[in-house]
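Note sheet for the following structure.
Every number here is computed from the coordinates shown, using simple stated rules; none is lab data. Note that this is a predicted model, so its numbers are computed, not measured. Cβ placement follows ideal geometry from the backbone for every residue including glycine, while neighbour counts extend to all protein chains displayed.
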Amino acid sequence: MQTIKTQQDGVTVVELRGRLDSQTSPAVEKDLMSLVESNEKKVLVDCQSLAYVSSAGLRVFLMVQKALKQRGGTIVFAALNGSVKMVFRMAGLPPLVGMYDTREDALAVLKAG
Amino acid sequence: MDGTLTLTNDLARLADVAHLVHQFGEAHRLGHETRFALNLALDELVTNTISYGFDGVAEPRITVRLALDGEAIVVHLADNGLPFDPLSRPEVDTTVPLEDRPIGGLGVHFVRQVMDELHYEHAAGENRLTLRRRLRPGDGIPDEQAGG
């Protein structure tokens with residue numbers, strides 16, 4: 001599991017690569033929570049290379065979303081593959097979490113917000 | 001082929017579970033969605049057992065077996081942990097706002113979604129789960145598109 005962070009137009013883009021399960025989620029949780037602590041307000045998670053996510057991974061996403069929201073921030077997700085999208089759907093997230101087909105779409109929304 | 005794997009209480013072995021599903025999927029030409037379903041169900045259940053099931057258990061052991069039974073894939077999962085029926089958990093209400101949701105329980109909810117039949121029993125000192133998933137149109141097709 002790899003986490004690659006970049007800044008793009010005032011947005012923190014986090015690219016996740018690999019499998020996000022109960023074994024790999026603690027490191028990703030630490031990485032994402034560090035963004036909250038450093039007061040980032042706009043976070044985009046690029047899921048293009050995220051092959052798999054389980055409930056342990058979703059738990060991290062929801063925890064970060066909650067923490068960011070409390071500080072007036074936003075997190076959105078882009079380029080989810082079929083199985084990752086299915087996990088989001090099974091958890092009932094689509095109406096509650098920003099999901100976009102491409103990183104560009106997500107960036108445009110975050111920049112406008 | 002049947003696929004069998006024995007695990008201890010080590011989350012690092014989840015990669016072995018994924019590998020087992022991959023091998024079984026290749027051998028039976030299972031479609032991408034079915035491989036994902038098997039992966040997710042096993043991951044969630046094994047994670048729960050490793051995280052909560054082995055308190056005070058001297059030699060933790062989980063066995064996973066995948067088999068094809070006619071028109072269905074059968075997953076046998078057994079562990080020598082504390083007696084616990086994961087299917088006894090109340091259903092998760094995914095329409096509740098995120099802030100109001102309890103954080104656990106989603107894993108078993110996923111298992112219910114991706115498998116067709118679930119059965120639990122406690123016997124001979126073991127938790128035994130049997131899960132079935134009917135073969136889908138994308139399974140068993142001798143076509144490269146069925147891979148994944």
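Can you name the helices (runs of 4 or more DSSP H) wholly within the stretch B:10-120 that have at least 2 residues being more than 8 Å from chain A (Cβ to nearest Cβ) and within 19 Å of B:Gly140 (Cα to Cα)?
Values: elements: B:14-27, B:32-52, B:106-114.
Fully inside the stretch B:10-120 and qualifying: B:14-27, B:32-52.
Go through the stretch A:68-91 residue by residue and tally those that are at positive phi and surrounded by 19 or more Cβ atoms within 10 Å (Cβ to Cβ).
Filtering the stretch A:68-91 down to residues at positive phi leaves A:72, A:79.
If we keep only those that are surrounded by 19 or more Cβ atoms within 10 Å (Cβ to Cβ) as well, we get A:79.
Count: 1.
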Looking at (1) buried (at least 18 other Cβ atoms within 10 Å of the Cβ); (2) more than 24 Å from A:Asn81 (Cα to Cα); (3) touching a helix residue (DSSP H, G or I) at 6+ places or on another chain (Cβ under 8 Å), find the lone condition where B:Thr49 falls short. (3)
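Considering only residues that are hydrophobic (A, V, I, L, M, F, W, C) and over 14 Å from the mean Cα position of the chain (by Cα), which ones fall in the stretch B:12-53?
Hits for the stretch B:12-53 are B:Ala12, B:Ala27, B:Leu30.
Rundown of residues vs (1) more than 29 Å from B:His22 (Cβ to Cβ); (2) out of contact with any strand residue (DSSP E or B) (no Cβ under 9 Å at 6 or more places or on another chain), yes/no style:
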position	(1), (2)
A:Asn39	yes, yes
A:Val45	no, no
A:Leu50	no, no
A:Thr74	yes, no
A:Ala91	no, yes
